[in-house]
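No lab work stands behind these numbers, since they all come straight from the coordinates. Quick caveat, the model's predicted, so the values are computed rather than measured. All Cβ positions, even for glycine, are placed from backbone atoms using ideal geometry, and neighbour counts span all protein chains on display.
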Amino acid sequence: MEKKHIYMLVASLVIVIFSLIINSGAEFAGADGMAEEVISQINQDYSPWFSPLWEPPSGEIESLLFSLQAAIGALIIGYYFGILKGKRQVKNDSGKNIV
Amino acid sequence: MRFLMVLILVFVIPSFGFSMHIMEGFLPPAHATFWYILSIPFFTYGLFAIRKILKENPKQKMLLAFVAAFAFVLSAMKIPSVTGSCSHPTGVGLGAIIFGPTTMTVLGAIVLLFQALLLAHGGITTLGANVFSMAIVGPLVSYFVYKLLMKTGKRTLAVFLAAFLGDLLTYVTTSFQLALAFPDKSYGMWYSFAKFLGIFAVTQIPLAIIEGFLTVVVLDMILKYNEEIALGGER
């Protein structure tokens, strides 16, 4: 990992922490919830004509599914980098074995 | 009377719809259909593009799974923003740079379908519109920004701005879609557009910067071990 990359990751963290600090009293709800409010201001008569087929029964179940989504994705990402790294290692090692 | 209406709305609107996509049932049927029809050609083309990738270079199957996983992870991360609300990156810029834009239309649609069915985020009726913003406009912007900026030869800058703008324009598109469906009664559509932009796009700016950084880091890591990858869909 280059220095540039470390700066970028640190900067990302700083952006998140900065957001939490300057707006420490805020709810940090989803942006779409705010959009719903605007929609109900613009058009008070509108009601959704279709509702989700299934909704997670609670916030806990919802965060379970979200973390599963992230975990499965992270697993694949880690697996891929593992393969790449392993391949390179084998290449280097086989060079050593000859000598 | 108005109070009663608001009260009814509060109960009608699902209390937790925290997805950053357009919520289920929140586009009138004509709009929902329109965005579906507009998205289908891109999706179909993407299916052929993926088939071509797998046929010509079966080794890239793993990389394809990787870019899908990247979009999966990033769109699961709800990150606080300066506006005091949360939103998430899209993660489609990376795949668009590596495999071209329509490949990400298919992968992005899968992510959106998963969130609509299992998390009640986004929706089946609004899937066409959400695919259009996140999996068509986003990747197209990323792809062309990358192509254009690579002419300067600065890859880091090209990748960063590609991912940043692709992410941001996704939410500009969402704002436009909502404004089309909900024009302000006295000030018109552009007034609504400005209002939705104020929510989605402003929240998204810091997250788009983060997405830009992450995309640069991850793409550089892939290239470090895998020099033979041709970026920009050039094979």
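The figures follow:
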quantity: Positive-pole candidate from B:GLY138, B:LEU127, B:SER175, dipole of chain B, charges at beta carbon; calculated: B:GLY138
quantity: Radius of gyration and maximum dimension Dmax of chain B, Cα, Å; calculated: 18.2, 67
quantity: Per-residue HN-Hα couplings for region A:5-12 [Karplus 6.51, -1.76, 1.60; θ = phi - 60°; Hz; x = Gly/Pro]; calculated: 5, 5, 4, 5, 5, 5, 4, 4
quantity: Environment charge at A:VAL16 (Cβ cut-off 14 Å; Lys +1, Arg +1, Asp -1, Glu -1); calculated: 0
quantity: Counted charge near B:VAL141, where neighbours are those whose Cβ lies closer than 14 Å (Asp, Glu -1; Lys, Arg +1); calculated: -1
quantity: Which listed pairs, of B:LYS78/B:LYS185; B:LYS151/B:LYS224; A:LYS4/B:LYS151; B:LYS52/B:LYS224, have C-alpha distances above 30 Å, in listed order; calculated: B:LYS78/B:LYS185
quantity: Residue-averaged beta-carbon neighbours from other chains (10 angstrom radius) around A:8-20; calculated: 5
quantity: Cα-based helix-to-principal-axis angle, B:155-181 vs chain B, degrees rounded to 10; calculated: 30 degrees
quantity: Calculated Rg and Dmax of region B:76-149 using C-alpha coordinates, Å; calculated: 13.0, 38
quantity: About the Cα centre, charge dipole magnitude for the protein assembly as shown (Lys/Arg +1, Asp/Glu -1 at Cβ), debye; calculated: 1500 debye
quantity: Computed over region B:124-190: relative contact order in percent, which uses C-alpha pairs under 8 Å that are six or more apart; calculated: 35 percent
quantity: Highest to lowest packing among A:51-64, B:88-101, scored as the average C-beta count within 10 Å; calculated: B:88-101, A:51-64
quantity: Segments A:72-80, A:14-22, B:190-198, B:209-217 sorted - mean Cβ within 10 Å per residue, highest first; calculated: B:209-217, B:190-198, A:72-80, A:14-22
quantity: Rounded if a/c under 1.5, otherwise prolate or oblate - region A:1-81, Cα gyration tensor axes; calculated: oblate
quantity: Electrostatic dipole magnitude of chain A [Cβ: Lys, Arg +1; Asp, Glu -1; Cα centre; debye, to 20]; calculated: 1340 debye
quantity: Charge context of B:GLY91, other residues only, Cβ under 15 angstrom, K/R +1, D/E -1; calculated: -1
quantity: Listed residues A:ALA29, A:LEU75, A:SER63: farthest to the positive end of the dipole of region A:24-99 (Cβ charges); calculated: A:LEU75
quantity: 10 °C / 1.306 mPa s Stokes-Einstein diffusion coefficient of the protein assembly as shown, Kirkwood radius on C-alpha pairs, µm²/s; calculated: 77 µm²/s
